[in-house]
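**Student:** What follows is a single structure, and I will ask about it in a moment.
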């Protein structure tokens, strides 16, 4: 993009209300996964500041149609909204700016939604990311997965595994959730994890799921906080977590769950991703 240059370098500076460097809250050396796992796929986001993402690993969703949640952002594929920081992280930048995407929908916020659809998917294993979330009312960062059959089975029959979601009004809480036929949307099956003395935006944290044929387990910084099995579903509901899923990273603005930004919400906002790693048993 022609506007990358100085604009991108300017965005690489610290944003109010969100981190932009790998701070000391979580050590740079993260513990290895549980015994029995081997690395199958990863992105360490190494490259010069302002560089675009690796197109062999990620592609973009674009547009401002609300994404089924009445969201307010327009997702773009511009380096202005997703780029490498130069210190081994991916930055997803949320900007307050008038933007009309290729869908012709005008929005007042832009962000990015990266996915591995068509490039990488896996059935079972450990899916892990080390990241620092932004902070603010109406800000909605997420690290999650969808079934590769979404184009034929549609949602929620394809299945959705939310590894980490956070909404700005709950700065010390993240959520892990399953969505499928008969347990989707507000009826998703999940759990929350709460920090005891800080906000998730104050440093990097490691979010992961370990997924087996009949169980999915959620972890924050190596601590197991939830396990769900077919027995966790409503009576008669179908377990749809038995086929390949692809990965998504995004930051939404507004929507039915987080609510909209208010005068306390500071822009720009940034989510930093140190790495994404997928392991196989």
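**Student:** Evaluate the following for residue 31: is it at pLDDT below 95, loosely packed, with under 15 Cβ neighbours inside 10 Å and part of a loop (DSSP other than H, G, I, E, B)?
**Tutor:** Numbers: at pLDDT below 95: yes; loosely packed, with under 15 Cβ neighbours inside 10 Å: yes; part of a loop (DSSP other than H, G, I, E, B): yes.
The answer is yes for residue 31.
**Student:** Quick one: which of 110, 76, 123 is over 26 Å from residue 47 (Cβ atoms) and in contact (Cβ under 8 Å) with a residue 12 or more places away in the chain?
**Tutor:** On the way: 110 fails: over 26 Å from residue 47 (Cβ atoms); 76 fails: over 26 Å from residue 47 (Cβ atoms).
Exactly one residue qualifies, and that residue is 123.
**Student:** Let me ask you something else. Looking at (1) closer than 24 Å to residue 42 by Cβ; (2) surrounded by fewer than 22 Cβ atoms within 10 Å (Cβ to Cβ), find the lone condition where residue 184 falls short.
**Tutor:** Among (1) closer than 24 Å to residue 42 by Cβ; (2) surrounded by fewer than 22 Cβ atoms within 10 Å (Cβ to Cβ), the lone unmet condition for residue 184 is (1).
**Student:** OK, next. List the strands (runs of 3 or more DSSP E) inside segment 188-229, counting only whole elements, that have at least 3 residues being crowded, with 20+ Cβ neighbours inside 10 Å and out of contact with any helix residue (DSSP H, G or I) (no Cβ under 6 Å at 6 or more places or on another chain).
**Tutor:** 205-212, 215-220
**Student:** Turning to a different aspect of this structure: Is at least one residue of segment 236-252 touching a residue at least 60 places away in the same chain (Cβ under 8 Å), surrounded by 20 or more Cβ atoms within 10 Å (Cβ to Cβ) and either on the phi > 0 side of the Ramachandran plot or outside any strand (DSSP E or B) (or both)?
**Tutor:** Yes, the conditions are met somewhere in segment 236-252.
Quick grid of which residues meet (1) touching a residue at least 40 places away in the same chain (Cβ under 8 Å); (2) outside any loop (DSSP other than H, G, I, E, B); (3) surrounded by 24 or more Cβ atoms within 10 Å (Cβ to Cβ):
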| site | (1), (2), (3) |
| --- | --- |
| 83 | yes, yes, yes |
| 87 | yes, no, no |
| 97 | no, yes, no |
| 134 | yes, no, yes |
| 143 | yes, yes, yes |
| 168 | yes, no, yes |
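**Student:** Another question, then. Against the conditions (1) within 21 Å of residue 39 (Cα to Cα); (2) in contact with a helix residue (DSSP H, G or I) (Cβ under 9 Å, 6 or more places away or on another chain), where does residue 166 fall short? Just the number, please.
**Tutor:** (1)
**Student:** Out of everything in segment 170-186 that is within 23 Å of residue 238 (Cα to Cα) and in a loop (DSSP other than H, G, I, E, B), what residue ends up being nearest to the chain's Cα centre (by Cα)?
**Tutor:** Initially, segment 170-186 is screened for residues within 23 Å of residue 238 (Cα to Cα), giving 175-186.
Those still in the list that are in a loop (DSSP other than H, G, I, E, B) too: 181-182, 184.
Numbers: 181: 22, 182: 24, 184: 18 Å.
This residue is 184.
**Student:** Got a number for residues in segment 55-90 being over 17 Å from the mean Cα position of the chain (by Cα) and within 21 Å of residue 127 (Cα to Cα)?
**Tutor:** Total meeting the criteria: 3.
The values are calculated or read from the model by the stated rules, or taken from the named source; none is laboratory data. Keep in mind that this is a model prediction, so the values were computed, not measured. Cβ atoms come from the backbone with ideal geometry, glycine included; neighbour counts cover every protein chain shown.
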